[in-house]
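A.B. asks: I have a structure here, written as structure tokens, and I will follow up with some questions on it.
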Amino acid sequence: MKNNLSRTLIAALMAATANVAVITTPPAAHPEAEVQQVEQSESMRLYGWFDEVFNEDLNDSPLTLTFFGRKDRNHEIDDFSDQKAQKDHETTKQRLTYLATFDFDALSEEAQLSYRLFELQLERSIEGFEFRFHNYPINQFFGWHTQFPVFMANFHRVDEVADAEAFIARLDVTGRVFGQLIDGLQRREDMGILPPKWVYPFVTEAVGNVLKGAPFEDSDEDSVFLAGFKKKLEDLEISEEQKADLVARAEVSLVDNVQPAYEKLGAFMAAQEQKAGTDDGVWRLPDGAANYNRLLRNYTTTDLTAEQIHQMGLENVERIHGEMRAIMAEVGFEGTLQEFFEFMRTDPRFYYENTDEGRDKYLAEATALIDTMRDAIPDYFGLLPKAEIEVKRVEPFRENSAGKAFYNRPSQDGSRPGVYYANLKDMAEMPNYQMEALAYHEGIPGHHMQIAISLELEGIPEFQKQSAFTAYTEGWGLYSEYLPKEMGFYQDPYSDFGRLAMELWRAVRLVVDTGIHYQRWTGEETVAYMKKTTPNPEGDIRNAVNRYIVFPGQATAYLIGKIKILELREWAKGELGDDFDISGYHDEVLRQGAVPLNILEENIHAWVARVKAGNS
């Protein structure tokens, strides 16, 4: 398993190693002290190895180094070849073997948890290796063709001339990187693993958008690469002649290296489009059923079957529809639920103008919602994030290939805030009645709070801070939409309807993801179901269905995670009665970073036992 994430401080590793020498030779005064000292020794040895592995993986990934604010290899881009993947797979197997040499019973409880999390990640990586080509790395939703300019604009810092030189050096290797990606796409084609035919025009459009503007074409507007590079040079304290020279060199590399790489990818995808089919689900691919079952296990961290998940979705759709009818009655709407949906889709009061002024208003109000929530959360949480958060519009060049909203984590050193991105391409797809729930999900107390706290935790291995289990992280995001209702927010009944609409969206996902990939629904059948059962506009629905098709299984994790977090909370309330503390519960959920749902359940049960014993 290659973590490809951030590293802990070398000093921490050195201190841990030094402590082992002190702890391993204590006076044997009391048996309990001896047990504790053995636990400390073995735990420190394990944590020391975790740090070694983490640093090894971090230093192996130039992109990850840059992502976390390091400049060690910021003139390079990762190796995306299958040869590298096979080498990493062998390393993962060796690590799993070595992990077994630690005495699990001699570890502290905290170290045992870290051991189990690391073991799970190794096992997942090994299991997934045979399915490494069973995905669509270039599609309308994500891929290096759109991630590359975003990465260079947002994460490659230019603080001195050497950084600008490194920026150009990364442009220089674009041909090698895209060649490796195309090799992987060809391998998939040979295996019969191609995305549906409708995906290709989106990719072609995205490639074309990147190649718009100077120096790719005779234009007064700069391309996204060149505009980003020039912006980074503005604050450098160098002469205008030096800046002009750097810009000229970047332009040469963009024309000589970046443009041919993108054109080659575009030509490859155009040729492959002629061979693609029209079926949507992964059931049509080699070992499709086995892979989908694996994806469901990984994303939900449960053993729920596709059929069980499908039924869970249907049940929750019915429940939420009932809660929506109560709001219909509250606002005095007369008609069917579907007629109310149409009213919410079409009434202008629920939408900002589709202008730059309307977009600015959306961003300003979303920021204000997060600021207001930040002031309220100390009554419900002990752990609070230090990192700041910004609300930004998705860049126009990737609007057509980006999701409705998403979050980018902050840097661990505090130099870069977390970012909540809102896709404001079409304001008709971003109703204001959903704004409140969306801000809580992506910002506070949702993704920003959970992820920032995880990064800031002390006393756990670095890999654990960086771990992500979708059912936990997205379940927390959905729980964070619900919690403000109990805190007194959603005073406007239409805003509360927006909260329910977003929960309904996640319930419908359980139905349609399994519908597409297990029950063999077509894309159009899925769109029809969602139009009938949700208030979302058709464009929003089609974008979502396209996402579920190319990203199988992931969308099922949200509601499954939220249900578990809420179930555990209510169970703990029942067990503790007046001793239940909501801040204590939330802190227990957050204090170990992201974990699988079964481990979260174990942690909450242990917390309840400690509270009962007076040791919370």
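A.B. asks: Say whether the condition of being more than 25 Å from Ala289 (Cβ to Cβ) and either in the same structural domain as Pro196 (by TED's automatic domain parsing) or of a type in the set (Val, Ile, Thr) (or both) is met by at least one residue in region 566-581.
C.D. replies: no
Residues are listed down the side, and each one gets a yes or a no for (1) touching a residue at least 40 places away in the same chain (Cβ under 8 Å); (2) not hydrophobic (A, V, I, L, M, F, W, C):
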site	(1), (2)
Ala405	no, no
Leu424	yes, no
Tyr440	yes, yes
Ser454	yes, yes
Pro484	yes, yes
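A quick yes/no check of all residues on (1) among the small types (Gly, Ala, Ser); (2) surrounded by fewer than 23 Cβ atoms within 10 Å (Cβ to Cβ); (3) farther than 25 Å from Arg569 by Cβ:
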site	(1), (2), (3)
Lys465	no, yes, no
Trp476	no, no, no
Phe489	no, yes, no
Tyr494	no, yes, yes
Phe497	no, no, no
Trp505	no, no, no
Gln519	no, yes, yes
Val527	no, yes, yes
Asn536	no, no, yes
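A.B. asks: Let me ask something additional. For region 114-136, how many residues meet the condition of being within 13 Å of Phe50 (Cα to Cα) and in contact (Cβ under 8 Å) with a residue 40 or more places away in the chain?
C.D. replies: Step one: list which residues in region 114-136 are within 13 Å of Phe50 (Cα to Cα), which gives 114-119, 121-122.
Among the residues that remain, those that are also in contact (Cβ under 8 Å) with a residue 40 or more places away in the chain are: 114-118, 121-122.
Counting residues in region 114-136 that are within 13 Å of Phe50 (Cα to Cα) and in contact (Cβ under 8 Å) with a residue 40 or more places away in the chain gives 7.
A.B. asks: I'd like the residue in region 426-462 that is under 21 Å from Phe118 (Cα atoms) and of a type in the set (A, V, I, L, M) and, out of all such residues, is farthest from the chain's Cα centre (by Cα).
C.D. replies: Ile460
A.B. asks: Here's something else I'd like to know. Go through (1) over 18 Å from Ser480 (Cα atoms); (2) surrounded by 15 or more Cβ atoms within 10 Å (Cβ to Cβ) for Lys564 and report which single condition fails.
C.D. replies: Going through the list (1) over 18 Å from Ser480 (Cα atoms); (2) surrounded by 15 or more Cβ atoms within 10 Å (Cβ to Cβ), Lys564 breaks only (1).
A.B. asks: Checking the condition in contact (Cβ under 8 Å) with a residue 24 or more places away in the chain and in contact with a Leu (Cβ under 6 Å, 6 or more places away or on another chain), which residue from Ala428, Ala471 passes?
C.D. replies: Criteria check complete, one pass: Ala471.
A.B. asks: Going through Leu285, Leu295 one at a time, which residue ends up being crowded, with 20+ Cβ neighbours inside 10 Å and outside the structural domain of Ser467 (by TED's automatic domain parsing)?
C.D. replies: The unique qualifying residue is Leu285.
A.B. asks: Can you tell me which residue is farthest from Thr534 (Cα to Cα) among those in region 389-416 that are in a loop (DSSP other than H, G, I, E, B) and touching a His at 6+ places or on another chain (Cβ under 9 Å)?
C.D. replies: Going through region 389-416, the residues in a loop (DSSP other than H, G, I, E, B) turn out to be 394-395, 402-404, 409-416.
Still in the running and touching a His at 6+ places or on another chain (Cβ under 9 Å): 409-410.
Details: Arg409: 30, Pro410: 33 Å.
Of everything passing the filter in region 389-416, Pro410 is farthest from Thr534 (Cα to Cα).
A.B. asks: Select from region 350-406 the residues that are within 19 Å of the chain's Cα centre (by Cα) and of a type in the set (A, V, I, L, M, F, W, C) and write down the one among them that is surrounded by the fewest Cβ atoms within 10 Å (Cβ to Cβ).
C.D. replies: Phe406
A.B. asks: Oh, and also: Just to be sure I understand, how many residues within region 230-255 are assigned to a loop (DSSP other than H, G, I, E, B) and of a type in the set (A, V, I, L, M)?
C.D. replies: 2
A.B. asks: Those residues that are farther than 15 Å from Pro260 by Cα, outside any helix (DSSP H, G or I) and of a type in the set (Phe, Trp, Tyr), I need them from region 198-221; list them, please.
C.D. replies: Matches in region 198-221: Trp198 only.
A.B. asks: Taking helices (runs of 4 or more DSSP H) that fall entirely within region 466-564, which contain at least 2 residues that are of a type in the set (S, T, N, Q) and in contact with a Gly (Cβ under 8 Å, 6 or more places away or on another chain)?
C.D. replies: In region 466-564, the matching helices (runs of 4 or more DSSP H) lie at 470-487, 538-550.
A.B. asks: Let me ask you something else. Cβ-Cβ below 7 Å, separation at least six or inter-chain, first residue in region 66-78 and farther than 12 Å from Val158 by Cα and part of a loop (DSSP other than H, G, I, E, B), second modelled with pLDDT of 95 or more and β-branched (Val, Ile, Thr): which pairs?
C.D. replies: What qualifies is Ile77/Val173; Ile77/Val177.
A.B. asks: May I ask you to say which residue of Tyr440, Tyr420 is of a type in the set (Phe, Trp, Tyr), at pLDDT 95 or above and part of a strand (DSSP E or B)? Outline the logic, then answer.
C.D. replies: Values: Tyr440 fails: part of a strand (DSSP E or B).
After applying the criteria, what remains is Tyr420.
A.B. asks: Additional query: Given the conditions (1) closer than 24 Å to Glu76 by Cβ; (2) buried (at least 16 other Cβ atoms within 10 Å of the Cβ), which single one is not true for Lys231?
C.D. replies: Of everything listed in (1) closer than 24 Å to Glu76 by Cβ; (2) buried (at least 16 other Cβ atoms within 10 Å of the Cβ), Lys231 misses just condition (2).
A.B. asks: Would you pick out the residues in region 570-583 that are in a helix (DSSP H, G or I) and surrounded by fewer than 18 Cβ atoms within 10 Å (Cβ to Cβ)?
C.D. replies: Matches in region 570-583: Glu570, Trp571, Lys573, Gly574, Glu575, Leu576, Gly577, Asp578, Asp579, Ile582, Ser583.
A.B. asks: Please give the number of the condition Ala594 fails out of (1) part of a helix (DSSP H, G or I); (2) surrounded by 15 or more Cβ atoms within 10 Å (Cβ to Cβ).
C.D. replies: If we test Ala594 against (1) part of a helix (DSSP H, G or I); (2) surrounded by 15 or more Cβ atoms within 10 Å (Cβ to Cβ), just (1) comes out false.
A.B. asks: If you don't mind, there's one more thing I want to ask. Filter region 328-349 down to the residues that are crowded, with 17+ Cβ neighbours inside 10 Å and not charged (D, E, K, R), then identify the one that is nearest to Met530 (Cα to Cα).
C.D. replies: As a first pass, look at region 328-349 and keep what is crowded, with 17+ Cβ neighbours inside 10 Å: 328, 340-341, 344-345.
This time we only want the ones that are not charged (D, E, K, R), so: 328, 340-341, 344.
Values: Met328: 20, Phe340: 15, Phe341: 11, Met344: 15 Å.
Looking at residues that are crowded, with 17+ Cβ neighbours inside 10 Å and not charged (D, E, K, R), I get Phe341.
A.B. asks: Exactly one condition in (1) at pLDDT 95 or above; (2) farther than 24 Å from Gln112 by Cα; (3) charged (D, E, K, R) is not met by Glu52; state its number.
C.D. replies: Against the list (1) at pLDDT 95 or above; (2) farther than 24 Å from Gln112 by Cα; (3) charged (D, E, K, R), Glu52 comes up short only on (2).
The values are calculated or read from the model by the stated rules, or taken from the named source; none is laboratory data. A quick note: this is a predicted structure, and the numbers were derived from the prediction, not measured. All Cβ positions, glycine included, derive from the backbone under ideal geometry; neighbour counts span all protein chains shown.
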